[in-house]
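Taking it in order: structure first as structure tokens, then the write-up.
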Amino acid sequence: MRGGGPVTERSYNQFCPVAMAAEILCTRWTVVVLRELLAGSSRFNELRRGLPRVSPALLSQRLKELEEWGIVSRTPIPGEPGAHAYALTEAGEELKPLIEGFGKWGQRWIASDLSLKQLDATLLMWDMRRRLDFDPPPDHRRVIQFQYPDAPKQDRNWWLILQPECPVDLCSIDPGHDVDLYVTAPLRDMTAIWMGVDSVRKARSEDRLMLTGDRDLADTMEQWLLCSPFATEERKVA
């Protein structure tokens with residue numbers, strides 16, 4: 001790991017490795033930038049979709065700082081002038097247990113009501129796009145539309161598009177394809193299901209989650225939607 005940037009006013013001025021690491025990792029957005037890289041995002045726009053509330057300028061700054069510290073590498077993408085791929089270096093990969101530990105601790109010790117006040121449809125859908133498991137994989141295009149009637153207008157409709165041998169595509173503008181399954185729920189309830197605080201079965205039985213369309217897709221939603229990787233953590237607080 002390289003020496004990185006200069007000591008700034010945020011320095012603890014301590015030689016302790018904990019303090020030195022905190023100077024790098026505890027700036028705002030840094031840990032969640034690392035979360036996105038660990039989750040597989042590699043392009044700037046992919047990182048932005050997983051971090052919809054960070055400005056492009058600040059995201060660029062954080063990536064530059066992580067690159068200076070030898071935690072992230074930046075590589076030009078052939079055939080795409082000006083485009084770069086970001087990846088974790090060996091030093092960055094060693095942070096994986098730490099980032100996962102943050103998530104496990106947050107799931108276990110932060111009250112779900114507090115988490116569910118921080119609703120974000122863009123982040124929810126981007127996360128769900130990465131956690132779909134169809135067995136067997138679809139042999140033709142399947143389209144699942146999520147509808148959140150209580151969300152702000154621009155966040156009410158989302159489409160997940162699954163095609164053979166292709167990554168799952170996420171659209172916030174109608175792609176014009178026939179929809180196989182409509183999933184309708186309040187944004188809070190769908191977020192609670194994703195976090196493991198609620199369940200598809202319970203929400204359906206209480207008419208908070210409506211599934212309309214392909215019966216097989218509807219009946220197997222609990223199998224193909226894997227939910228948050230932290231959803232199975234035992235909660236220590238309600």
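The values are calculated or read from the model by the stated rules, or taken from the named source; none is laboratory data. Keep in mind the model is a prediction, meaning the values are calculated, not measured. Glycine also receives a Cβ, built like all others from the backbone with ideal geometry; neighbour counts cover every protein chain displayed. The area values use the complete protein model at the heavy-atom level, side chains included, leaving out ligands, DNA and RNA. Shrake-Rupley method; radii C 1.70, N 1.55, O 1.52, S 1.80 Å.
Just to be sure before I move on: is E80 over 19 Å from the mean Cα position of the chain (by Cα) and farther than 24 Å from C171 by Cβ in the structure I sent?
Taking the combined requirement at face value, the residue does not satisfy it.
Looking only at the range 180-207, which residues are small (G, A, S) and open to solvent by 30 Å² or more (accessible area, probe 1.4 Å)?
Residues satisfying the conditions are G196, S199, S205.
From the residues in the range 208-231 that are open to solvent by less than 20 Å² (accessible area, probe 1.4 Å) and assigned to a helix (DSSP H, G or I), which one is nearest to R131 (Cα to Cα)?
Among them, the one singled out is W224.
Only one of R108, R142, R130 is over 16 Å from D198 (Cβ atoms), in contact with a Gly (Cβ under 8 Å, 6 or more places away or on another chain), in contact (Cβ under 8 Å) with a residue 60 or more places away in the chain and among the basic types (K, R); which?
So the residue among R108, R142, R130 that is over 16 Å from D198 (Cβ atoms), in contact with a Gly (Cβ under 8 Å, 6 or more places away or on another chain), in contact (Cβ under 8 Å) with a residue 60 or more places away in the chain and among the basic types (K, R) is R130.
For residues in the range 28-64 being assigned to a helix (DSSP H, G or I) and among the charged types (D, E, K, R), which is farthest from the chain's Cα centre (by Cα)?
Only one residue tops the list, namely K64.
Rundown of residues vs (1) surrounded by 13 or more Cβ atoms within 10 Å (Cβ to Cβ); (2) within 18 Å of the chain's Cα centre (by Cα); (3) of a type in the set (D, E, K, R), yes/no style:
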site: L66; (1), (2), (3): yes, no, no
site: I71; (1), (2), (3): yes, no, no
site: Y86; (1), (2), (3): yes, yes, no
site: T89; (1), (2), (3): yes, no, no
site: W109; (1), (2), (3): no, no, no
site: L114; (1), (2), (3): no, no, no
site: L124; (1), (2), (3): yes, yes, no
site: D127; (1), (2), (3): yes, yes, yes
